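The values are calculated or read from the model by the stated rules, or taken from the named source; none is laboratory data. Remember, it's a predicted structure, so these values are computed and weren't measured experimentally. Every residue, glycine as well, gets a Cβ built from its backbone with ideal geometry; the counts of neighbours run over all protein chains shown.
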């Protein structure tokens with residue numbers, strides 16, 4: 001009998017969270033959900049990473065300049081750059097391109 005593959009509780013919970021995120025319809029709903037879900041520090045970190053991704057995508061600035069402008073560490077800028085330009089997830093790229101196509105830059 002082949003071994004059965006069972007999904008971990010963590011994997012199921014992650015999928016449930018992602019399904020909940022997909023249900024967000026407005027910026028206000030997103031702010032309310034994220035405000036409940038995240039600590040202020042987590043929200044700050046997410047905001048910082050997103051700002052770094054947008055500045056990297058825009059080009060024209062060094063990692064050090066982006067770090068100084070955003071308050072992020074150069075390690076954070078480097079990590080965001082790696083995910084933006086090299087990693088397989090392409091999550092930053094997906095959303096940056098979608099926002100550019102739809103004109104929803106803010």
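Hey, does region 22-33 have a residue that's more than 22 Å from residue 100 (Cα to Cα), without any contact (Cβ under 8 Å) to a residue 40 or more places away in the chain and touching a helix residue (DSSP H, G or I) at 6+ places or on another chain (Cβ under 8 Å)?
yes
What's the total number of residues in region 47-72 that are closer than 18 Å to residue 92 by Cβ and surrounded by 12 or more Cβ atoms within 10 Å (Cβ to Cβ)?
The number of residues fulfilling the criteria is 18.
What number goes with the only condition from (1) surrounded by 10 or more Cβ atoms within 10 Å (Cβ to Cβ); (2) at pLDDT below 95 that residue 2 does not pass?
Of (1) surrounded by 10 or more Cβ atoms within 10 Å (Cβ to Cβ); (2) at pLDDT below 95, only one is false for residue 2: (1).
Could you please find all residues in region 51-63 being free of Cβ contacts under 8 Å to residues at least 24 places away in the same chain and under 15 Å from residue 96 (Cβ atoms)?
51, 55, 58, 59
From (1) within 14 Å of the chain's Cα centre (by Cα); (2) closer than 18 Å to residue 96 by Cα, pick out the condition that doesn't hold for residue 66.
Going through the list (1) within 14 Å of the chain's Cα centre (by Cα); (2) closer than 18 Å to residue 96 by Cα, residue 66 breaks only (1).
If I ask for residues that are surrounded by 11 or more Cβ atoms within 10 Å (Cβ to Cβ), within 17 Å of residue 45 (Cα to Cα) and more than 15 Å from the chain's Cα centre (by Cα), which ones from region 73-106 would you list?
73, 74
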